[in-house]
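Here's the structure we're looking at; comments come further down.
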Amino acid sequence: MANRIRILIADDHAIVRDGIVTILGLQKDFTVVGEASGGLEAVRKAARLKPDVVILDMMMPDLDGAEATARILQQVPAVRILILTSFTNSAGIADALKNGATGAISKSASRERLYDAIRATAAGKRTVDREIEVSLRESQPVPPLTEKQSNVLNALSKGLTNDEIARETGLSTAGIKFHLLAIFRKLNANNRSDAVAIALRKHLLKI
């Protein structure tokens, strides 16, 4: 097939590489053009083979996925890189994405998810597993809350309404709405319960 996606697999565990090669062989639009057992070898082979997609393990002994991503793209800017990782909370994933990786998925993903991620990556579409997105989002430092915002957040954690929070904090109802919006923005929260859950995980509540 002329439109096959050419793939280079880089992982320091041979059994993992063998497994990926096997399941990718079940798809007619994939062809594995090479394998690498480390980051430095992945850089060299990517430069020589010029694959469409490099499936890159995050943790390798000689060169991690973030640095390998940067070096590969320096030599082959057109290649797309998909990070495959067991570590959903690693700061290295964020670095790899900043360095130009197109996507990141967990090694626990289904084969169908891997297929979809490879095709999306080859097309230049960002594809990141939800649990990785959540981990990346929550690993970001929270801008400091003001004293009033902290008071509102603590009152919010008690399940109080805006009127009740206003009475407890001595602020106006309009002021509560203003502070809630600021809290949601700083915590990158979508709603009240989301804000409380994030605040609990980040130890921002006085409990």
Of the residues in region 124-133 that are touching a residue at least 24 places away in the same chain (Cβ under 8 Å) and part of a loop (DSSP other than H, G, I, E, B), the one that is least open to solvent (accessible area, probe 1.4 Å) is D129
A47 is checked against (1) modelled with pLDDT of 95 or more; (2) in a helix (DSSP H, G or I); (3) closer than 18 Å to A117 by Cβ; (4) among the hydrophobic types (A, V, I, L, M, F, W, C) and fails just one. What number does that condition carry?
(3)
Selection from region 134-169 of residues that are more than 14 Å from A195 (Cα to Cα), open to solvent by less than 40 Å² (accessible area, probe 1.4 Å) and in contact (Cβ under 8 Å) with a residue 40 or more places away in the chain:
S135, L136
Considering (1) open to solvent by 50 Å² or more (accessible area, probe 1.4 Å); (2) without any contact (Cβ under 8 Å) to a residue 40 or more places away in the chain; (3) closer than 29 Å to Q140 by Cβ, say which one A117 fails and leave the rest.
(1)
Of the residues K125, K50, K107, K98, only one is at positive phi and not small (G, A, S); which?
K50
How about region 50-63: which of its residues are under 20 Å from D18 (Cα atoms) and either open to solvent by 10 Å² or more (accessible area, probe 1.4 Å) or in a strand (DSSP E or B) (or both)?
D52, V53, V54, I55, L56, D57, M59, M60, P61
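The values are calculated or read from the model by the stated rules, or taken from the named source; none is laboratory data. What you see is a predicted model; the values in this text were computed from it and never measured. FYI the Cβ positions are ideal-geometry reconstructions off the backbone, even for glycines, and counts take in every protein chain you see. To get the accessible areas, we keep the full protein, side chains included, count just its heavy atoms, and leave off ligands, DNA and RNA. Shrake-Rupley method; radii C 1.70, N 1.55, O 1.52, S 1.80 Å.
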